[in-house]
1. Pairs LYS83/LYS207; LYS90/LYS112; LYS215/LYS256; LYS12/LYS256; LYS55/LYS263; LYS112/LYS215: which exceed 21 Å Cα-Cα?
2. Taking only protein heavy atoms and a 1.4 Å probe, what accessible area per residue, in Å², does the range 39-180 have with all protein chains in place?
3. Residue farthest toward the positive end of the dipole of the chain, with Cβ of Lys/Arg at +1 and Asp/Glu at -1: which of SER352, LEU264, SER199?
4. Per residue, how much accessible area does the range 242-365 show when a 1.4 Å probe rolls over the protein heavy atoms, in square angstrom?
5. Report in % the part of the accessible area of the range 275-376 that belongs to carbon and sulfur, leaving out ligands and nucleic acids; probe 1.4 Å.
6. Using the per-residue mean of other Cβ atoms lying within 10 Å as a proxy for protection, in what order, highest first, do the peptides 376-386, 68-78, 300-310 fall?
7. Can you find, among MET244, GLY339, ALA318, the residue farthest towards the positive end of the dipole of the range 222-370? Put +1 on the C-beta of Lys and Arg, -1 on that of Asp and Glu.
8. Work out the length of the dipole vector of the range 151-255 about its Cα centre, built from +1 on the beta-carbon of each Lys and Arg and -1 on the beta-carbon of each Asp and Glu, and round it to the nearest 20 debye.
Amino acid sequence: MRIYADNAATTKMSRTAVEAMLPYMSEIYGNPSSLHSVGQEAAEALADARERIAKRLGCTAREITFTSGGSEADNQAILTAAKLGEWKGKRHIISTAFEHHAVLHTLEALKKEGFEITLLDVHENGLVTAQQVREAIRPDTCLVTVMYANNEIGTIQPIAEIGAVCREAGVLFHTDAVQAAGHLPINVVDQNIDMLSLSAHKFHGPKGIGVLYAKKGIALQNLIYGGAQERGKRAGTENIPAIMGMAAALDEACEKMDENAAKLTKLRDRLIEGISQIPHSALNGDAVQRLPGNVSFCFEGIEGESLLLLLDDKGVAASSGSACTSGSLDPSHVLLAIGRIHDVAHGSLRLSLCEENTEEEIDYMISAVRQVVEYLRNMSPVYRDLEMGKREFIIK
Ligand SMILES: *Cc1c(COP(=O)(O)O)cnc(C)c1O
């Protein structure tokens, strides 16, 4: 059996998305900036995609900027707020300790330029509260950036409430909604969002394309200078095939959102229930306030990397956290942020499902994880010490 359970890293493109792209890779190949009819055909498609995506977010087409993906959108949103803040002498930014690196590393770069960064503590259930944001806001705060759903542990933050707190304080609010788009409801007006990032490849669209929504009146800071594309705020000939694929994938994901969520929640809870039976295992993040497809566990006395390799041998493609962390020996900053100690955080496993997964696959994964964890623990001197009482279990 071969099972793909790493949909938080990337998804397989849907047939709908692939088919929406094909004409724009062959017949309709014009440059939307060209004045002739070949170009204008592409320009019309671009306008249509922008309109459809705007509708899905509850904003206007003019508030949509196409980017190369989630990372670029996060960078542009944060650097824009920093620039606007600087003009007013405001150099304080609030975020959380468990953001994606596209946010955290941008904030680190700003810190070197003299910005002050407050990273809110994350509660052990993987949530931050609007109250924490309220208490952290200062007169010189220029931005609050809090992710909608976490990519490793799947927890869903109270975005609308946080947005309301920011609105009241007159502080810009950005959310990295890359894990949420196409999976959770988004309405930038109802949720008081000033800027939002999304990326197509997390909802069965193509890689290398994303969106930055920025509320009317926010003058975006360029990351890329050049032509007048995207109202002069993001130069470069538009990636029309990818944009068409993204629009189609987002339409499809939003139309099927309730149906998919119901199916995924069932699969997710079955998987959580099965894995919870393994001794000294613990679910990471809140059991309810979490993405319908996210399952994240820590197992005491094992090492996540070996777990992944052995699962891969059994045909299961999983992750130990974020794809970006893999390959480095540091435990995930997300798991450390929710209070997992180093040793425990090392034994982590993320299984992120999509609506194509089946109950049969879930049951296979439960038994595969159980076997692999047992096998690794049998070889682990650390686990032997734990069993013999020479060390104390942290996960009871
Ligand atoms: C994947 C991801 C990103 C990065 O998106 P790319 O399109 O791969 O650049 C940013 N934030 C979160 C939460 C993600 O899951």
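The values are calculated or read from the model by the stated rules, or taken from the named source; none is laboratory data. As the structure is a computational prediction, the values presented were derived from the model and not from experiment. In this analysis, Cβ positions are derived from the backbone assuming ideal geometry, glycine residues included, and neighbour counts consider all displayed protein chains. Protein only, heavy atoms only, side chains kept; ligands, DNA and RNA dropped before computing areas. Shrake-Rupley method; radii C 1.70, N 1.55, O 1.52, S 1.80 Å.
1. Exceeds cut-off: LYS83/LYS207; LYS215/LYS256; LYS55/LYS263; LYS112/LYS215.
2. 38
3. Toward the positive end, the furthest listed residue is SER199.
4. Heavy-atom accessible area per residue stands at 39 Å².
5. 53
6. Top of the packing list down: 68-78, 300-310, 376-386.
7. It is GLY339.
8. Around 420 debye, computed over the range 151-255.
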